Amino acid sequence: MKIGNDDLKLIHKKCEEFDRDMPTEMKLFYDVKKNSLKANYRYDLIYTNDDELLPDDILDCWFEEVKEVICKLDLDWLKPFKVFYFNQY
């Protein structure tokens with residue numbers, strides 16, 4: 001957590017340094033086989049506009065998004081992980 005918070009502070013400083021808005025959401029996708037990194041940024045207010053969402057709800061939404069992507073992958077080494085982990089939810 002500390003490393004992540006420190007990194008966000010550095011990103012915020014860079015945004016201020018270059019007079020840019022701070023993203024409200026950053027998603028990084030690393031493809032090991034291709035050795036490539038893709039990033040999606042959002043700048044609109046995503047969750048702060050909702051008075052009823054709690055941090056747990058946001059985490060659950062993120063988990064479901066990741067779960068959906070992983071379940072679409074047909075990789076042999078992932079099968080035990082999918083069976084063990086995703087069947088618990």
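See the values below:
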read-out	value
Condition check for residue 13: assigned to a helix (DSSP H, G or I) and modelled with pLDDT of 85 or more	yes
Leading residue by the ranking (farthest from residue 70 (Cα to Cα)) among those in the range 30-44 that are of a type in the set (A, V, I, L, M) and open to solvent by 100 Å² or more (accessible area, probe 1.4 Å)	37
Near pairs, Cβ below 7 angstrom, 6+ apart or cross-chain, from the range 47-58 (within 20 Å of residue 23 (Cα to Cα)) to any residue that is open to solvent by less than 100 Å² (accessible area, probe 1.4 Å) and hydrophobic (A, V, I, L, M, F, W, C)	47/53; 47/58
Pick from the range 16-29, criterion part of a strand (DSSP E or B) and not aliphatic (A, V, I, L, M), ranking: most open to solvent (accessible area, probe 1.4 Å)	29
Filtered residue count, the range 57-68, keeping only those that are open to solvent by 80 Å² or more (accessible area, probe 1.4 Å) and either part of a loop (DSSP other than H, G, I, E, B) or over 28 Å from residue 15 (Cβ atoms) (or both)	3
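The values are calculated or read from the model by the stated rules, or taken from the named source; none is laboratory data. Quick caveat, the model's predicted, so the values are computed rather than measured. Quick reminder, even Gly has a Cβ in these numbers, built from the backbone with ideal geometry, and neighbours come from all protein chains shown. With ligands, DNA and RNA removed, areas are computed over all heavy atoms of the protein, side chains included. Shrake-Rupley method; radii C 1.70, N 1.55, O 1.52, S 1.80 Å.
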